[in-house]
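Structure record follows, encoded as structure tokens.
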Amino acid sequence: MITKSAKINATLTGNNARQFDVNQPWEQDNQAWWDWYVTLADNGAQNNGELFEPPPLPEIDLPSDATISEELRTPYGLTKEHIGAFKRDGFVKLANVLTPGAVIRLRQELIKLLRDTFDTPLDGGTRDRFLSHEMAWLDNPLIRGYVLSPRIGRICADLLNVPSVRLYHDNILSKEPGCGRTPWHYDDHHFPLQTDDVVTVWMPAQPIPIEMGPLSFAKPLGVSELVKHIEFNKFDTSYDRRVTEVFKRRNITIENGGFEIGEVSFHHNRSFHTAAANRTRRSRIVLASTYFVDGARILDQPTMVSGDWEKFIPGANPGEVAASKMNPICWPVGAE
Ligand SMILES: O=C(O)CCC(=O)C(=O)O
Ligand SMILES: [Fe+2]
């Protein structure tokens, strides 16, 4: 997950030395962070302005909130193959994690939240932007059901092969029509935790055909080693371009297929990922939530992340166990 907790000072004007120091705090809001971050993506010839009409969303009778809640408590049939794929590749895409009704109901609610937060209609009301809204689970009972879902929590614990996971935070992400690529990155730098047992659940709120910009992953997990020498540049697209070049040169496999309705991906904090532009007229809306192993400690010296870790783990100090009231245990149920 990329959030302003990346704590990168991205002020693009002025010329003092702080601009070049990625350890400086991010001084604007999370939305400004995304507005800047997507400017670091190399869009090459992809952005010719033409937008496509995606297939219509299914017209179905929506389930009640109680039915959705039941669904989100029901265990998923995770297999040894899924767990093996996650370990090897750093991600796994699972079909039918949600029923179509639960997806469309989620979309309805996320649209309402985004519309109220950004004062704009979705699905064409705004163009070219990447909208982001965090911590909706605190105030919205329906979203809380998805974020704290035992079905999801158990998948995360089983993929990480740990007994128990806590929430780091949720994040509603909407890539609006015309918005370009998400730059190549992995999430590790953005979490202030002394553990690699961290997984982000990227839960689409509609099917995502290739033209809409599905999350795409380089595999296997170790490919981050191939690009670790590339220096991050916060002013241009060179980092993103150079990662693409290395992956091409080394014939790295990129899983960049679409997401069927109800399909959800789970990625490790060292999985390298990107997303294509949204070339459709529909907002690409996703609920992305991050979970970590219970017992993990906060880094002794959070640097690039320290801005927002206090928002996501309030009241805790560096070096302490991350277990604030904002980080409930999502699996097993009733462990607190
Ligand atoms: O939604 C995107 O395009 C990027 C999301 C992402 O990087 C993440 O969830 O870790
Ligand atoms: Fe990410």
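General remarks:
- Residues of the range 160-176 satisfying the condition of being open to solvent by less than 10 Å² (accessible area, probe 1.4 Å) and more than 14 Å from ligand 1 (Cβ to nearest atom): 165, 167
For (1) more than 24 Å from residue 136 (Cβ to Cβ); (2) within 11 Å of ligand 1 (Cβ to nearest atom), each residue gets a yes or a no:
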{"position": "261", "(1), (2)": "no, no"}
{"position": "269", "(1), (2)": "no, yes"}
{"position": "273", "(1), (2)": "no, yes"}
{"position": "281", "(1), (2)": "yes, no"}
{"position": "287", "(1), (2)": "no, yes"}
{"position": "297", "(1), (2)": "yes, no"}
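- Pairs with Cβ under 8 Å, 6+ apart, first in the range 213-234 and under 30 Å from residue 51 (Cα atoms) and charged (D, E, K, R), second part of a strand (DSSP E or B) and within 15 Å of ligand 1 (Cβ to nearest atom): 219/91; 219/254; 219/255
Table: residues versus (1) of a type in the set (Gly, Ala, Ser); (2) under 16 Å from residue 42 (Cα atoms); (3) in contact with a Gly (Cβ under 7 Å, 6 or more places away or on another chain).
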site: 138; (1), (2), (3): no, no, no
site: 149; (1), (2), (3): yes, no, no
site: 185; (1), (2), (3): no, yes, no
site: 191; (1), (2), (3): no, no, no
site: 198; (1), (2), (3): no, no, no
site: 232; (1), (2), (3): no, yes, no
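- Residue in the range 205-224 that is within 16 Å of ligand 1 (Cβ to nearest atom), open to solvent by 10 Å² or more (accessible area, probe 1.4 Å) and over 30 Å from residue 282 (Cβ atoms) present: yes
- Some residue of the range 238-257 being aliphatic (A, V, I, L, M), in a helix (DSSP H, G or I) and under 29 Å from residue 104 (Cα atoms): no
- Positions within the range 309-328 being exposed (fewer than 13 other Cβ atoms within 10 Å of the Cβ) and closer than 22 Å to residue 153 by Cα, in sequence order: 314, 325
- Of the numbered criteria (1) part of a strand (DSSP E or B); (2) within 12 Å of ligand 2 (Cβ to nearest atom); (3) surrounded by fewer than 24 Cβ atoms within 10 Å (Cβ to Cβ), the one residue 133 fails is (2).
- When 250, 241, 284 are checked against the criterion of being farther than 24 Å from residue 92 by Cβ and either open to solvent by 40 Å² or more (accessible area, probe 1.4 Å) or touching a helix residue (DSSP H, G or I) at 6+ places or on another chain (Cβ under 8 Å) (or both), 241 stands alone in meeting it.
The values are calculated or read from the model by the stated rules, or taken from the named source; none is laboratory data. Source: prediction; values computed, not measured. Cβ sites come from the backbone with ideal geometry, for glycine too, and all protein chains shown count toward neighbours. Surface areas here come from the heavy atoms of the whole protein model, side chains and all, with no ligands, DNA or RNA. Shrake-Rupley method; radii C 1.70, N 1.55, O 1.52, S 1.80 Å.
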